[in-house]
């Protein structure tokens, strides 16, 4: 890269000083510009359903604390956390945000304007179970799939037939009964039990 712009050598301190003075939004805009380019050339995968499918998750990236003291995570450990929305249609991220490693996943997700259109399906793990946030997805016509917490309080209001050859154990319609749970998510939910070992 240096050769093409006419440089033979460059000091690390020069890069460091430049990055300290440069607005982070330059890199953010560059990322989304490149992302749009990638979306136009990535292979499209055919699913059995037509809805856009996404996964929201976060990854902790370990850093050497002596080199990156600003990234202090634990007493002797440095780290940052990469939060991303993965688009399964092109196998590329549709959204990225980097925070210090102490930031909880759901707190970051609630602050973001995720690029989800109506009829999208988003898969999240238990770290994202916040009933007020999940209900905001519901009101935006975005379906979500997650694993239920063991302490979730609910009552069964309906049942669906299950095909046990596909590993299904039960398929219920439920309403939350916990005080805050039912207040933040007043509509019914679908609770499914699944064991892949039972699939034929």
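Taking a point 7 Å from the Cα of residue 175 along the Cα-to-Cβ direction, the residues of the stretch 118-155 with backbone N closer than 19 Å to it are 131-132, 135-136, 138-139, 152-155. Across all Cα atoms of the stretch 148-200, the radius of gyration (one decimal) and Dmax (whole number) stand at 12.8, 40 Å. Apply 1/(1 + (r/R0)^6) to the Cβ-Cβ distance of residue 16 and residue 145, taking R0 = 35 Å, and write down the FRET efficiency to the nearest 0.05. FRET efficiency, residue 16 to residue 145: 0.20.
Going from the residue with the fewest nearby Cβ atoms within 10 Å to the one with the most, 37, 150 rank 150, 37.
Given an 8 Å cut-off on Cα distances and at least 6 residues of separation, report the relative contact order of the stretch 43-147 as a percent. Walk me through the numbers before you get to the answer.
Working: 186 pairs, mean separation 26.8, N = 105.
Result for the stretch 43-147 is 26 percent.
Each of (i) 67; (ii) 44; (iii) 73 is a candidate for percent of Cα pairs over 21 Å apart; the one calculated from this structure is (i). Helix 12-21 and the long axis of the chain differ in direction by around 60°, with both axes built from C-alpha atoms.
Sorting 42, 59 by the number of Cβ atoms found within 10 Å of their own Cβ, with the fewest placed first, yields 59, 42. Where is the GNM fluctuation largest for the chain (alpha-carbon springs, 10 angstrom cutoff): 55, 177, 14? Comparing 55, 177, 14 in a Gaussian network model of the chain, the most mobile one is 14.
Can you give the angle from 0 to 90° between the axis of helix 25-41 and the longest principal axis of the chain, with both taken from C-alpha atoms, to the nearest 10? So the helix axis and the longest Cα principal axis differ by about 60 degrees. This ranking places 173, 105 by how few other beta-carbon atoms lie within 10 Å of each, fewest first, which gives 173, 105.
Just from its helices, what would the mean residue ellipticity at 222 nm be for the chain, if runs of 4 or more DSSP H residues each count -39500 (n - 2.57) and the sum is divided by every residue, rounded to the nearest 500 deg cm²/dmol? Could you put the intermediate results ahead of the total?
On the way: 5 runs with 49 residues, N = 200.
Only helices count here, giving -7000 deg cm²/dmol.
In the chain, Cα pairs under 8 Å separated by at least six residues give a relative contact order of 13 percent. Inter-label distance, residue 59 to residue 188: 4.0 nm, where each label sits 7 Å from its Cα along the C-beta direction.
None of the figures in this text is laboratory data; all of them are computed from the coordinates on show. Model, not experiment: these values are computed from the prediction. Neighbour counts are summed over all protein chains in view; Cβ atoms, including those assigned to glycine, are modelled from backbone coordinates with ideal geometry.
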